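Q: Structure in structure tokens, see below.
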Amino acid sequence: MRVGNAIGALIGAAPGQTVAGDSTSVQLFTVLDAAAALRPDRPLLVTDPGHFPAGRYLADAVARRRGLRVRRVPPADRASSPPRATGSPSSATRPSTSAPASWTTCGR
């Protein structure tokens with residue numbers, strides 16, 4: 001946290017907004033796995049089908065590790081019809097990831 005805050009100060013970010021660590025892949029795996037561990041009662045990991053392939057592989061790896069199902073749902077579809085496993089979306093969904101930009105077109 002201290003290193004992230006120090007870097008954040010250099011780039012104009014508020015405290016707590018910058019993370020310094022291993023590769024992006026290691027950080028993504030770690031945060032998905034930690035989020036899944038926080039709610040072991042939720043069987044579904046929702047992710048964006050437009051993610052870079054490595055991100056999709058990491059979501060699959062966390063799902064295997066935690067005994068989850070993965071559902072790939074475009075962010076626009078999540079707002080109109082949240083993914084369901086059993087029960088309400090809030091009781092079924094664990095981590096949910098989406099990409100702010102398309103890796104294939106470099107656009108938003």
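The values are calculated or read from the model by the stated rules, or taken from the named source; none is laboratory data. Given the structure is predicted, the values throughout are model-derived calculations rather than measurements. No Cβ is skipped: glycine too gets one built from the backbone with ideal geometry, and neighbour counts run over all protein chains shown.
Rundown of residues vs (1) in a loop (DSSP other than H, G, I, E, B); (2) in contact (Cβ under 8 Å) with a residue 24 or more places away in the chain; (3) touching a Pro at 6+ places or on another chain (Cβ under 9 Å); (4) of a type outside the set (Phe, Trp, Tyr), yes/no style:
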{"position": "Ala9", "(1), (2), (3), (4)": "no, no, yes, yes"}
{"position": "Gly16", "(1), (2), (3), (4)": "yes, no, no, yes"}
{"position": "Asp22", "(1), (2), (3), (4)": "yes, no, no, yes"}
{"position": "Ser25", "(1), (2), (3), (4)": "no, yes, no, yes"}
{"position": "His51", "(1), (2), (3), (4)": "yes, yes, no, yes"}
{"position": "Leu58", "(1), (2), (3), (4)": "no, yes, no, yes"}
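Q: Taking the options Ala36, Ala9, name whichever one is at pLDDT 90 or above and surrounded by 13 or more Cβ atoms within 10 Å (Cβ to Cβ).
A: The conditions single out Ala36.
Q: I'm trying to understand the selection: among the residues of the stretch 50-69, which are surrounded by fewer than 16 Cβ atoms within 10 Å (Cβ to Cβ) and more than 14 Å from Val31 (Cβ to Cβ)?
A: Pro53, Ala54, Tyr57, Asp60, Arg64, Gly67, Arg69
Q: Of these, Val31, Val62, Val70, which one is part of a strand (DSSP E or B) and at pLDDT 75 or above?
A: Result of the check over Val31, Val62, Val70: Val70.
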